[in-house]
Structure formats: structure tokens, C-alpha cells
1. I'd like the FRET efficiency for residue C:220 and residue B:47, computed as 1/(1 + (r/R0)^6) with the beta carbon distance as r and R0 of 45 Å, rounded to 0.05.
2. Give the relative contact order (percent, whole number) for chain A; include only Cα pairs under 8 Å separated by 6+ residues.
3. Residue farthest toward the positive end of the dipole of the protein assembly as shown, with Cβ of Lys/Arg at +1 and Asp/Glu at -1: which of A:380, A:233, A:347?
4. Taking each residue in C:133-140, count the Cβ atoms of any other chain within 10 Å of its Cβ, then average. What number comes out?
5. I want the local charge near residue A:258. Using Cβ-Cβ distances under 14 Å, sum +1 for each Lys or Arg and -1 for each Asp or Glu among the other residues.
6. Straight-line reach from residue C:41: which lysines have a Cα under 20 Å away, not including same-chain ones fewer than 8 places off?
7. Using only alpha carbon pairs under 8 Å that are at least six residues apart, calculate the relative contact order of segment B:48-105 and give it in whole percent.
8. Relative contact order for segment C:47-243: what percent, with Cα pairs under 8 Å and sequence separation of 6 or more?
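Bear in mind that the values in this text are calculations on the coordinates, not laboratory data. Worth saying up front: this structure is predicted, and the values here are computed from it rather than measured. Note: ideal-geometry Cβ built from the backbone for every residue, glycine included; neighbour counts use all protein chains shown.
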Amino acid sequence: MSNKVIYKEIENNGIGFYGLLGLMGLFIWGGAVAFFTMEHHGHYISGMDNQIVWGMPHIFAIFLIVAASGALNVGSIGTVFGKKVYQPLGRLSGLLATVLLVGGLIILLLDLGRPDHVVEMFKGHLNFKSIFAWNMILYGGFIALVGLYIWTMMDRKAKKYYKPVGFSAFTWRLILTTGTGSIFGFLVARQAYDAAIMAPLFIVLSFSTGLAVFIVVTMATYKMTGRPIGDVILNKLRYLLGIFILGLLLLEATRHLTNLYATEHHAVEAFILDGDNIYTTLFWFGFVLFGSLLPVALVYCRQLINNRTSLFVAALLTIMGGFSLLYVIVIGGQAFPLELFPNAVVTSDSFDGVMNHYSPSMYEVLLGLGGVAVMLALFMVAVKVLRFMPTSLADNVVDPHTK
Amino acid sequence: MFGKARFFLTAMILLSGIILQGCDTSHPPESRLKTALAKSEQCVEPTALMRTNHMEFIKHMQDDTVYGGIRGTKHELKACINCHVPAASEDGKPLNYLKDNETGELNEEHFCATCHKYAVVKLNCFECHSDNPQNEGVAPNTAAHKIPALTSAQAKGGSHE
Amino acid sequence: MSNPQNINSYRRKFMQGIGVTAAAATLAPGMLLREVQASNKEGYVTDKVRWGMLIDTNKLVEGGQEVVNACKKEHGWGAEAHSNERQKASWVRKVTVTEKTTGYVNQLPVMCQHCETAPCVDVCPTGASMKRADGIVLVNKHICIGCRYCMMACPYKARSFVHESLFDQHADSPRGKGTVESCTMCVHRVDEGKEPACVEASNGAIVFGDLNDPNSNISQKLKAEDGKQIRADLGLNTGVRYQGI
């Protein structure tokens, strides 16, 4: 029974742990400064305006929220699909999902024009026709359910609820990402959005980015704490990542191909896919080449079997690719002008008919990084004070012949 | 059991009262509030009720106006302002609720701001609403000259104690 | 979908839906009470009326610039000191349309179209983006959190976000930092039985009136001469109609 999975708090008390935590604190402080500055002066100091209303903070926030639901997948595969190999990762998966969501929501909240008015929502001002309002409930429920899920894994007495809670959390996360994708899916106004495929696209995006974040954080934590992690589990995650990236590519290709089928979408597709702008560059180089094809190559290349660096780099590239794709969707979609009159050139002194330009300010980037730092700091503190991490993920522990 | 709690609460209230008294001994300046104060005797509700409940009246009216289109009633913010805030301060400039737009320091000469500053209660009506009376029927100060003119006027007026 | 008595029913609906949450109950019982009271109120505007505007672009002398000027004068937007051109508020703008095939050029003012099924109202998480019973689409800035989702949803780019602190707003046109705003169809004037400022300034190019009343000037004119909607394909049934486009 020496190969039983044992969970323990991490023991690091050295300069490494607190130094890293301090670094996170620095970024959180930067985010706080950015928030208070933007709150005091108003959004005129940001790069956002009445043409590009959602900017860098929203990309960070959406990325973290989408990745949150994806990070839960690792646990769900163990619970819902009964793959025992993944089960030791369940606690970490739940933890990462929670902190990712918290980080994303903080950014979203702090970018609001009147964050103080959010209290009105708790006083009953909720519009249930709004996907945003639904998302608020979905996010709250997600955190609660994942909390329960972690509890069923940590408390032996709660073990009997492990399966049902795991199932609910998995179902909930699918609905949650559908909700996040639907934020864009039903905007009839904008040529670049308004497609129901946005919801499944976001789900697959969450698969790939969530898993990538999970791989990066887990590998880094095991490396830094000096705990062993074996090839069996890493290869499982590795090929899963490959499949998810390919799935994302497939859905994104489908989205563009279906758009190209309809004449009314030709202009916006040309703008994104073949334009002389940052979005085309980000799409082809950021998302397709370096964010998808290269990591897929790193995952499947025969020479790189069991190579951890290649897996780590592939995961990092996937994160970059997902971020690029979100930039193209969020900013690119707004940069393309609204169509007031088909088959006519529309101009005005309020930027009708022009491709809108966006350059993010320092404050927006700091706010976004602050959210990421909140997420990582919460993760570090959690694994230090609670038993989230198996002391070993070596092959003989995770693969005890039971398959 | 509750006795202890009550004692604690009472002590807390007394203590905070003493602290507040000690911190802020300055009273609102009366000179420029004379007209406003005189009118407060003819307010739409008794003074005592107004002191404690004016925000409820205004809030209630807020919904009636936004959703119901009910305007010109005695409980609306505009009516408060038209009565309690003089059209101009002594130097002939509009009387604004902020002494300094940059720092957000409240102006003690403004009827609402006086008390809110004294009581340290956030006053956020005027982040959106007009803080001084504008004549009914007549077009309000037009944007063209009002906004730039006012900013510079306030910058000057801000240093004036 | 389209519920003409939407405000009251909206409120009743969300009262039923949310009123049970313990958080809400403990946070603000007074507030909830206020909501309930606010529903069936005497003197509230009703859905018997639906306000609308018919804009004849051929009669506009300055192609809509007179409308823009009148609106600025009435509401005081556009003079934000710190915002750049892309950030400044724009409640109404003059748009020039050049038909690609024929080269025909037309000019018209574009503002909030006061849709019957307004996308901005649907997407708003708090219900701040709202349609009054009489069809006027407004932002209730008291509960607007400044998320800008409505700006993403509006097909007419009719809305602006206030990017800086404002001072000395017009008494009838409250506007403030961090909230979204747009054409109010001069709701403060309409409530007092007057016409919107742009209608007054248009020298008869814009007709304002009750679309629900078949005998109103606007209904008669629309019935006889027709009026077009911008992006009619979206099926939003706008309250602002155009002639000559």
C-alpha cells in the first residue's frame, strides 16, 4: 500500500515561496493602483472608448473565466468518466477552476463604470433576459458547486456525494461556458458575432486553455516543490491537450467557413482573415500557427515523446493562442464597423464606416495582470494551507495496475 | 447574555460619539446659507422628518420619475435644489456642491454639501444631477459656454475660502 | 417577447424571481418594499401611447446637423473636457450615406431608434437599460453598473459611455461618469406635453407623436406616405422612422 495517493500541504517556507507570493502581491498592487486611478479619473485614461467599448480587461477576464471551466475538466474526467488515473488531480483541478474564476470576475468587476452600483443587483435589480445576469448566477453556482466537489474529495464522510456532485459540477460548467460564449452569440448588431456556434466554440476553447493552464501550473508547482510527477499522467494530459487544440481549430474553422458562405459576412471575414491589421496577424500567427499548429506538433512529434519541456512549451503556446483568439473575437469584432445601410458607404464625424483602432493603456494591462496575480496568489496560499496536492504523482502511484 | 451585548453597543456608540465630537468641532458656516436656511422653515415636510428621511423621499420619487414619468412633484430633487440652493453665491458664480472638482472636496456653502460634509455621508446625487437651480421654462445654461466657463470658474473659486 | 406593459411586469417578474433570496432580504428590506409599491402607481405613463418620430430627410436643411446642435444645447453632451473624440458622448450624429452602385448621397441624423424589442434592454444585467411603457428607451442611471453590454448590443451605435466626471449638468438631463447614456426622446419635455428639442429645431422636418393613435399626425403621415426603419431586417420595430432614405 506504499503507492497510495497521499495529499499534503506544501512545505516550502523558503525565499522561493514567499518571494513568488511577494511578486504576486506586487502585481496585485499594480492592479489595485490601475483600478483606483481609472475609478477616480474615469475611463478616459484607458484605451477604450465609445467605439471599442470592451478592451484588454475583458480579454483577460473572459480568458480566465473560460479557462476556469476548462480547468475543472481534469477532475471531471476522473469523476464523470471514471478514469482513475485522473482522480489524484481532482482536488487541484477544482481549486484551479475556482481561483481562475475569482481572478476573472475581479477584473470584470473592477472595470465597470459604476462598480458601486453592483449592490443594486443584490437588491433585486436583475434582468433575467440578460445573459450577463444569468452568468452572475452561473458563476456563483459554479464556485459553490466546485467548493462542494472539493469537499467530497477531501472529507471521507462526504465520499458518497462525490459522484453526484462531480456530475453536477461538470454539467454546470458546460452551461457556464455556454453562457460565456452566448454573450457574443446573440449580438445581432455586430457582423462578427451573432452566431450560435460561439457557445460550442467557447466550450472547446475552455477545454484547451483550461487544460493548458492546468498543465503549466501543475508542472511548475511540482517542479518547485520537488515532488515527483511521472510520465504516465503527463502523457495523458499531453495527448488530451493535443486533441483539444485540434477540436478548437476545427470549430473555429467551421465558424469562419459558415460565415464565408453568407454574403453579408464576407466583408467582416475578409477583415479578420485577410486584412492589413493586427487581427489578421494575431489570427494566423498568434492563434493558428504558434497557438495551435506548433503546440500540436510539440505534442505529437515522435522525437519529443516524454519530453517535459516540449509539453510545458506547448501548454504555454496554447494559452497564448487562446488569448490571441479572444483578442481577435473581442476587439476585432468591435473594430469592424456596424452596418447601418447595406450596399452603401456610411460616413460621419462619429466614426461610422471606419475600422476602429484600439491600443490598450497601461492601466488596462495592469488590471488584467492583477487578476492573474490574484488567481496565482490564491492558488499558492490554498496549496500551502490545505491538502490539495498529492505528495507524489509518480507512475507507481497514479497507475496502480487498476488502469 | 444580552446585557453584555447591550453594554458593549452602548459603549461603542458613546465612544464613537466622543471621537466624532473630538474630531470635528467645526460647524457649518451660516452666513451664506441664510437664504437656504430661512426657506427650510417652509419645507414640504417638517424639518425633523426631512433631516432623517429626505433621501427616502428623493429615492421614492426617483422611481416614479424614471419609470412613471411623474415630474414636478414636491419631493423631487430638482425642487429641493430650486428652493435650497441660491442661483449664485455672493461672488455671482453658480454655487456648486464641490469646492474642488479634482479632489472632490465638498463645498460647505452648498446646502446639501454642508450637512453631508459635517456628517461624513457620501453625497452622490450630483455626480449626475444638477447641483444648482436652473430656471423653469428657460433653456438652461447652454453647453457651449457653460461647461468650459464653469470649470475655470471653479478652479478659481476653489481656492477661495 | 414584446410586452408593452413591460416595466410593471418586468418588475413584478423579477420581484417574484429574486425576492426570495436571503441576501436580498437581509440587505435591503426597505428597498424591496419600495419596488413593490412602485408597481401599480397612479399617474404612471401607460402603453396606450407609443411615442415615435418621423424624420423627413429631404426637409432637413442641414442634413441633420440642426438636430445634433439642438440636442447638444438641450442636454449638454459632447463638451467632455478630458475625453478624446472617440470617447466623447454622441447622442445623435449626422450620417452621410452613399449608395455604392448608384452614387446617390443622402444625409440623416441617427440616434436611439427607441426599438419596441430593444436589444439593449434585453442584454442589460440590472434592468437599467429599460423601455418605458410609452415606448421611450432610457437608461436608469441609478442602477446602471457601466458594463457597456448595451453598447455592444445596439445596432445603431446610439449609446455613449461617460468616460469622465461631469459637472454642471442640465437640470433635466442628468448624466454622470461611469454610466451609459443615449437619446431620451427628451422625455422631460414629453412628460410636460412638449415636443423633443430636435423636433422643435427641425422646421417641420421631424414629426413627433403617438404611433398608437391612428388619428395622430404621425400615424396619418406614416399611413399615407410610409416611413422606413434603419436595419428593418432586424425586426426591432423602431419608434423612429425615416422618409427619403
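1. Values: r = 54 Å, r/R0 = 1.20.
Once the sixth-power term is evaluated, E becomes 0.25.
2. 33
3. Working it through, the farthest residue towards the positive pole turns out to be A:233.
4. 2
5. In short, -3.
6. Partners found: B:59, B:74, C:13, C:131.
7. On the way: 22 pairs, mean separation 10.5, N = 58.
Normalised by residue count, the contact order of segment B:48-105 is 18 percent.
8. Details: 386 pairs, mean separation 61.3, N = 197.
It comes to 31 percent, rounded to a whole number.
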